[in-house]
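One structure is given below, encoded as structure tokens.
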Amino acid sequence: MSASARRRRSKAPLWEPGLIPVPGGLLDWRDARHFDRWQDRPCALCDKPTPMRSHSGEPVHKACAEDWITANPVEARLGRFASDAKPKPKSKGQGDDHA
């Protein structure tokens, strides 16, 4: 595989991203796949070590990604950093026991 093919492949999300927060908003990164418990790598934005990963596997602190979205609102719309996709809501009457 060529270097350019590897680079293109590394930009593809490892799992389905959700919505991009508005500038100044917070990312919802609750999925455990954002955390690499085995290896800290330098943050793509601040170079300090982080166990956090974006949907594409890019090492980045969640706070750095949120600051980047605020500073780059137009480029952020391309989806470099996004919140986790929300699970589909259950339809009424199927396991929804709330009163």
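As a rough guide to protection, the peptides 36-47, 54-65, 19-30 ranked by mean Cβ packing within 10 Å, highest first, stand as 54-65, 19-30, 36-47. Near T50, the amide H atoms lying under 5 Å from its own belong to R41, C43; only residues 5 or more places off or on other chains count, and H is placed 1.01 Å from N.
Quick one: go through the stretch 9-49 and flag any residue whose amide nitrogen is under 13 Å from the point 7 Å out along the Cα-to-Cβ line of L78. The answer is 11-12, whose backbone nitrogens lie closer than 13 Å to the label point. Please report the base-10 log of the normalised intensity I(q)/I(0) for the stretch 20-85, using a Debye sum with one equal scatterer per alpha carbon and no solvent, at each q in 0.13, 0.21, 0.26 (1/Å). Debye curve over Cα of the stretch 20-85, log10 I(q)/I(0) at q = 0.13, 0.21, 0.26 Å⁻¹: -0.30, -0.79, -1.16.
Expected output is a single nm value to one decimal: the length gained when fully extending between Q39 and A85, i.e. 0.36 nm times separation in residues minus the C-alpha distance. What is it? Let's see the in-between values first.
Values: separation 46, 0.36 × 46 = 16.56 nm, distance 2.48 nm.
Contour length minus Cα-Cα distance gives 14.1 nm.
Between amide H atoms placed 1.01 Å from N, distances below 5 Å from S56 occur with L14, all of them 5 or more places distant or on a separate chain.
FYI, it's all coordinate maths here, none of it is from the lab. As the structure is a computational prediction, the values presented were derived from the model and not from experiment. Virtual Cβ from ideal backbone geometry, glycine too; neighbours counted across all protein chains shown.
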